[in-house]
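This report concerns only the one structure given below.
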Amino acid sequence: MSPRRNRPRGGEKPSDRVGGSRYGLESTEEWRGEQWYVRHIGGGAAAKHYRCPGCDQEIPPGVPHVVAWPQHSDGDDRRHWHKACWNARDRRSARLQRSRNAPRY
């Protein structure tokens, strides 16, 4: 009896795939006229608290989400989105809730 094969045998890879990492697969998507790298993060790799720019709510550790950043940036512009917020990004805007006396920067 031969051992079970745990490795994929190869084959077709998705055409929009840029590369993989230990955190998830990267792809490119167009939004607002520019190309964005998009990485889907699984729940096991999500270890910190993040703030979603789509709904301005917190993404707790252990929740699968999406990381997106513009293609022509150095990666400092990465934003962590809920999957539903990223999919609805054209219908949503950054609605910042400020108090009346808060400064607008």
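Out of (1) out of contact with any strand residue (DSSP E or B) (no Cβ under 8 Å at 6 or more places or on another chain); (2) at pLDDT below 90; (3) not in a loop (DSSP other than H, G, I, E, B), what's the single condition that is false for Gln97?
(3)
Within the stretch 65-79, which residues are open to solvent by less than 60 Å² (accessible area, probe 1.4 Å), over 18 Å from Arg32 (Cβ atoms) and either part of a loop (DSSP other than H, G, I, E, B) or β-branched (Val, Ile, Thr) (or both)?
Residue satisfying the conditions is Gly75 alone.
Being among the hydroxyl-bearing types (Ser, Thr, Tyr) and touching a strand residue (DSSP E or B) at 6+ places or on another chain (Cβ under 6 Å) is the filter; apply it to the stretch 17-73 and report the residue that is modelled with the lowest pLDDT.
Filtering the stretch 17-73 down to residues among the hydroxyl-bearing types (Ser, Thr, Tyr) leaves 21, 23, 27-28, 37, 50, 73.
From the residues that got through so far, the ones that are touching a strand residue (DSSP E or B) at 6+ places or on another chain (Cβ under 6 Å) too are 23, 27-28, 37, 50.
Details: Tyr23: 57, Ser27: 86, Thr28: 88, Tyr37: 91, Tyr50: 93.
Here the residue is Tyr23.
Return the total of residues in the stretch 28-55 being on the phi > 0 side of the Ramachandran plot and open to solvent by less than 50 Å² (accessible area, probe 1.4 Å). Give the steps one after another, and end with the answer.
Kept after step one, since they are on the phi > 0 side of the Ramachandran plot, are these residues of the stretch 28-55: 32-33.
Next, from what is left, pick out any that are open to solvent by less than 50 Å² (accessible area, probe 1.4 Å): none.
Qualifying residue count for the region: 0.
The values are calculated or read from the model by the stated rules, or taken from the named source; none is laboratory data. Just so it is clear, the structure is predicted and the values come from calculations on it, not from any experiment. Quick reminder, even Gly has a Cβ in these numbers, built from the backbone with ideal geometry, and neighbours come from all protein chains shown. Please note that ligands, DNA and RNA were not included when accessible areas were found on the heavy atoms of the full protein model with its side chains. Shrake-Rupley method; radii C 1.70, N 1.55, O 1.52, S 1.80 Å.
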